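Please treat every number below as a calculation from the coordinates, not as lab data. Since the structure is predicted, the reported quantities are computational estimates derived from the model, not experimental observations. Backbone-built Cβ (ideal geometry, glycine too); neighbour counts: all protein chains shown.
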Amino acid sequence: MVLRLGRRTFGPADLAVMAIVNRTPDSFFDRGATYAMDAALDRVTRVVEEGAAIVDVGGVKAGPGDDVDAGEEIRRTAGLVAAIKARHPDVVVSVDTWRHEVGAAACAEGADLLNDVWEGYDPRLAEVAAEYGAGLVCTHAGHSVPRTRPHRVAYDDVVADVVTTCTRLAETAVAQGVRPDGILVDPGHDFGKNTRHSLAVTRGLPDLVATGWPVLVALSNKDFVGETLDLPVGERLDGTLAATAVSAWLGARVFRAHQVAETVRVLRMVSAIRGNTEPAATRRGLA
């Protein structure tokens with residue numbers, strides 16, 4: 001399925017990086033490094049130069065933390081969306097939110113995609129995407145409440161649950177008027193899952209890919225990587241890139257990442273091995 005977001009069209013063989021830009025003071029990875037508007041815009045410029053096709057703006061930490069109401073989330077995100085669109089009109093701007101009020105404010109400023117990581121917790125968010133012609137990410141979150149961590153979560157078959165849930169969310173979004181060519185599905189690594197579950201859904205990505213919906217994966221520096229390798233947040237790049245390469249080979253198409261340049265290089269290598277892109281230089285054995 002061709003994916004159309006903003007001014008960009010992504011074919012079935014295209015691999016796209018979604019760069020994370022957090023306007024939060026307490027994000028688990030960057031610890032508030034891009035909370036200030038100037039710092040956030042500087043990061044956008046840098047990741048675009050590194051090859052990001054999509055930037056994902058977040059105004060609330062995914063995990064537990066200080067309460068952030070809709071008004072504050074809008075303050076953190078909507079103005080940044082407008083600034084990004086003014087400086088980088090060809091870049092797809094995504095907003096990571098589960099609230100329809102935030103989605104509406106962001107779309108009014110030009111957001112192209114609403115990244116709902118909480119499994120349609122607010123059903124009106126899809127209505128907002130439909131109203132503005134924006135895309136929508138439909139994520140499996142283990143049927144969790146926003147900003148909660150999994151506790152003794154269990155599935156008969158986690159991959160089957162992911163496929164069923166993501167398919168239902170995508171079909172519901174279409175019924176609400178969201179463009180089919182603007183929908184992605186995300187298996188939701190770490191969301192409502194323990195490490196074994198996240199490893200299982202990575203192995204099971206072909207089942208999700210087989211639904212026909214473009215698959216987004218958010219793997220970057222997550223706990224399933226850290227627990228698998230027994231490493232702290234700042235030392236998870238190698239594991240993240242390994243999971244990225246495997247996910248790309250298994251059919252994922254969009255990759256949400258903190259470290260953009262490294263992720264772009266890995267995806268270019270995977271694409272070349274698959275025969276979808278040519279090497280940047282071919283000198284060996286030719287002279």
Gaussian network model of the chain, springs between alpha carbon atoms under 10 Å - residue of Gly110, Gly177, Gly251 with greatest fluctuation: Gly177
Charged-residue dipole, Cβ positions (Lys, Arg, Asp, Glu), the range 3-274 about Cα centre, Debye nearest 20: 520
Neighbour count of at most 15 Cβ within 10 Å plus DSSP loop: longest trypsin sites (Lys or Arg not before Pro)-free window in the chain: 153-282
Fraction of antiparallel bridges per DSSP, the chain only, in percent to nearest 5: 10
Virtual paramagnetic centre 7 Å along Cα→Cβ of Ser271, amide N under 20 Å, in the range 230-259: 241-259
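Can you check how the C-alpha radius of gyration of the range 123-217 compares to 2.2 N^0.38 Å, as a plain ratio?
1.07
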Square roots of five times the Cα gyration tensor eigenvalues for the range 151-287, Å: 28, 22, 12
Segment Arg168-Asp38, length gained on full extension (0.36 nm per residue, minus Cα span): 42.9 nm
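Select from the chain the helices, each a whole stretch of DSSP H, whose alpha-carbon atoms run 15 Å or more along the helix axis and whose Kyte-Doolittle mean is at least 0.5; answer none if there are none. Don't jump to the answer; show the numbers that get you there.
On the way: long enough: 37-50 (20 Å, -0.13); 70-87 (25 Å, 0.01); 158-175 (25 Å, 1.12); 237-249 (18 Å, 0.92); 260-274 (21 Å, 0.81).
What comes out of the filter, once short or polar helices are dropped, is 158-175, 237-249, 260-274.
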If the convex hull is drawn through the Cα atoms of the chain, its volume per residue in Å³: 129
Mean residue ellipticity (222 nm) of the chain, computed from DSSP H runs ≥ 4 via -39,500 (n - 2.57), nearest 500: -12500 deg cm²/dmol
Within straight-line cross-link reach of Lys193, lysines at Cα separation under 18 Å, skipping those fewer than 8 residues along the same chain: Lys61, Lys222
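Give the order of Asp26, Asp238 when sorted by the count of other beta carbons within 10 angstrom, beginning with the fewest.
Asp238, Asp26
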For the range 38-120, fraction of C-alpha pairs farther apart than 16 Å, in %: 48
